[in-house]
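Engineer: This structure is in structure tokens; I'll ask about it shortly.
The values are calculated or read from the model by the stated rules, or taken from the named source; none is laboratory data. For clarity, every value in this text was computed on a predicted model and none was experimentally measured. So basically every Cβ, Gly included, is an ideal-geometry build from the backbone, and we count neighbours across all protein chains shown.
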Amino acid sequence: MFADTLYAPFLYIVASGYPLQNNVIIWTKFFAEEQATNSVLLNWQVADDSLFKSITNKGETYCTQKNDFTTQVDVNGLLPGHHYFYRFFTITGKYSQTGKAQTLPDDSVKHFKLALTSCAGVWSGNFNAYRRMGGERILILLYRLAITYTMMLTPMNICGCPGLN
């Protein structure tokens, strides 16, 4: 896995989680070039649209060396069952990737779809389940242990046949 330098210094993804009806947590990791830096001020925005023409919430947060330059924000004052777009940016105008989050619906919902996934082996190629989940209207996705395994390919790993050259 390689970092996407297009979004430097946000070399890692953004993420959201712990949704409630009126709030959601957004997260990012900042790549600090100067290791002597103890903290970095970041701005964040949440909007109704991916172009951020209708910003519903915004603020500032710090990434600190103590937390490996990660930060999370508990965004409040959101509407139930609503999709939002969010991003982080520096005071010099460098932007993270845009993330998408959803709040939980109001109490009128009787049924919803839930998906559960776990670790993924990059070299196994069995990612059709992710494609299928993407085509469904899943309200909650639980991801157990966010580790992607990268291992050296050997004939034993590929076909289970020992001694194959």
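Engineer: Can you name every residue in the range 35-58 that is of a type outside the set (D, E, K, R) and farther than 19 Å from PRO9 by Cα? I'd like the intermediate steps shown before the answer.
Structural biologist: The initial filter retains those residues of the range 35-58 that are of a type outside the set (D, E, K, R), namely 35-47, 50-52, 54-57.
VAL46, ALA47, SER50, LEU51, PHE52, SER54, ILE55, THR56, ASN57 - these are the residues of the range 35-58 that are of a type outside the set (D, E, K, R) and farther than 19 Å from PRO9 by Cα.
Engineer: Return the residue satisfying two criteria in turn: it lies in the range 11-58 and is at pLDDT below 85 and under 13 Å from ARG87 (Cα atoms), and of such residues it is surrounded by the fewest Cβ atoms within 10 Å (Cβ to Cβ).
Structural biologist: Filtering first and then ranking leaves ILE13.
Engineer: Okay, moving on. Quick one: would you say THR61 is assigned to a strand (DSSP E or B) and either loosely packed, with under 13 Cβ neighbours inside 10 Å or of a type outside the set (Gly, Ala, Ser) (or both)? Show your work before the answer.
Structural biologist: Working: assigned to a strand (DSSP E or B): yes; either loosely packed, with under 13 Cβ neighbours inside 10 Å or of a type outside the set (Gly, Ala, Ser) (or both): yes.
Answer is yes for this residue.
Engineer: Do the conditions hold for THR37, that is, is it in the same structural domain as LEU6 (by TED's automatic domain parsing) and in contact (Cβ under 8 Å) with a residue 60 or more places away in the chain?
Structural biologist: Here the answer is no, as THR37 does not meet what is asked.
Engineer: Hey, another quick one. Here's a check for you: in the range 1-10, which residue that is out of contact with any strand residue (DSSP E or B) (no Cβ under 8 Å at 6 or more places or on another chain) and not in a loop (DSSP other than H, G, I, E, B) is modelled with the highest pLDDT? Don't jump to the end; show me each part of the working.
Structural biologist: So in the range 1-10, the residues out of contact with any strand residue (DSSP E or B) (no Cβ under 8 Å at 6 or more places or on another chain) come out as 2-6, 8-9.
Checking the rest, the ones that are also not in a loop (DSSP other than H, G, I, E, B) come to 5-6.
Numbers: THR5: 71, LEU6: 74.
Here the residue is LEU6.
Engineer: Taking interchain pairs and intrachain pairs at least six residues apart, which have beta carbon atoms under 7 angstrom, with the first residue in the range 83-96 and closer than 12 Å to PRO9 by Cα and assigned by TED's automatic domain parsing to the domain that holds TYR12 and the second surrounded by 15 or more Cβ atoms within 10 Å (Cβ to Cβ) and small (Gly, Ala, Ser)?
Structural biologist: PHE88/SER96; PHE89/SER96
Engineer: Got at least one residue in the range 108-115 being out of contact with any helix residue (DSSP H, G or I) (no Cβ under 8 Å at 6 or more places or on another chain), modelled with pLDDT under 95 and surrounded by 13 or more Cβ atoms within 10 Å (Cβ to Cβ)? Even if it seems obvious, please write down each step before you answer.
Structural biologist: Pass one, the range 108-115, residues out of contact with any helix residue (DSSP H, G or I) (no Cβ under 8 Å at 6 or more places or on another chain): 108-114.
If we keep only those that are modelled with pLDDT under 95 too, we end up with 108-114.
Restricting the remaining residues to those that are surrounded by 13 or more Cβ atoms within 10 Å (Cβ to Cβ) gives none.
So far as the range 108-115 goes, no, none of its residues is out of contact with any helix residue (DSSP H, G or I) (no Cβ under 8 Å at 6 or more places or on another chain), modelled with pLDDT under 95 and surrounded by 13 or more Cβ atoms within 10 Å (Cβ to Cβ).
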